[in-house]
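Only one structure is covered here, and it is reproduced in the block below.
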Amino acid sequence: MKPHDLKLGQLGPLPRDAEGGPVFAEPWQAEAFAMVLRLHEAGAFAWSEWAEALGGELSAQRADCGPNDGGAYYERWLAALQNLLARKGLVTPEELSAMRDAWAEAYAHTPHGQPVRLDGIG
């Protein structure tokens, strides 16, 4: 099999609904999923690069935490995206850290039940 022949379902246990569509427990998961697809479509990375990045994250999770039950799937998805973008020079580690800090701050100051938003984002 060639890397570009890899299908998303071969990368790990993507949670699916009864109709076979992706399941997102939280809005950020759907956004992370959509970001990967959009960045790939825009030419930011080849699908084979994405498959390798996500496969590495899922393998590391299995090695660190035992079997993957799908509970942390999108955390690994997001980690793979961040690492791939950093490796390709599309984002710096400092930018990632600043964005994580900004989201943590926004989350800490968002009333329960309200969407977490950054100024100018979301």
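The values are calculated or read from the model by the stated rules, or taken from the named source; none is laboratory data. Please read all numbers here as calculations on a predicted model, not as lab measurements. In this analysis, Cβ positions are derived from the backbone assuming ideal geometry, glycine residues included, and neighbour counts consider all displayed protein chains.
Conditions first: (1) at pLDDT 75 or above; (2) in a helix (DSSP H, G or I); (3) not β-branched (Val, Ile, Thr). Gly9 passes all but one, so which condition is the exception? Unmet condition: (1).
Please work out if Gly89 is at pLDDT 90 or above, on the phi > 0 side of the Ramachandran plot and more than 16 Å from the chain's Cα centre (by Cα).
The answer is yes for Gly89.
Of these, Ser97, Ser59, which one is among the small types (Gly, Ala, Ser), over 27 Å from Val116 (Cα atoms), at pLDDT below 95 and loosely packed, with under 15 Cβ neighbours inside 10 Å? When all the criteria are applied, what remains is Ser59. For beta carbons closer than 8 Å, sequence separation of 6+ or different chains, a first residue in the stretch 89-117 that is free of Cβ contacts under 8 Å to residues at least 12 places away in the same chain and a second that is of a type outside the set (A, V, I, L, M, F, W, C) and outside any loop (DSSP other than H, G, I, E, B), the qualifying pairs are Val91/Gln82.
Would you say Asp17 is modelled with pLDDT under 90, in contact with a helix residue (DSSP H, G or I) (Cβ under 9 Å, 6 or more places away or on another chain) and either on the phi < 0 side of the Ramachandran plot or surrounded by fewer than 17 Cβ atoms within 10 Å (Cβ to Cβ) (or both)? So Asp17 does not fit the description; no. Taken as a whole, the condition of being out of contact with any His (no Cβ under 8 Å at 6 or more places or on another chain), at pLDDT 90 or above and part of a helix (DSSP H, G or I) applies to Ala51.
Pairs meeting the criteria (first residue in the stretch 20-34 and closer than 18 Å to Asn83 by Cβ, second residue part of a helix (DSSP H, G or I) and aliphatic (A, V, I, L, M), beta carbons under 6 Å, at least 6 apart or on different chains) are Ala32/Leu78.
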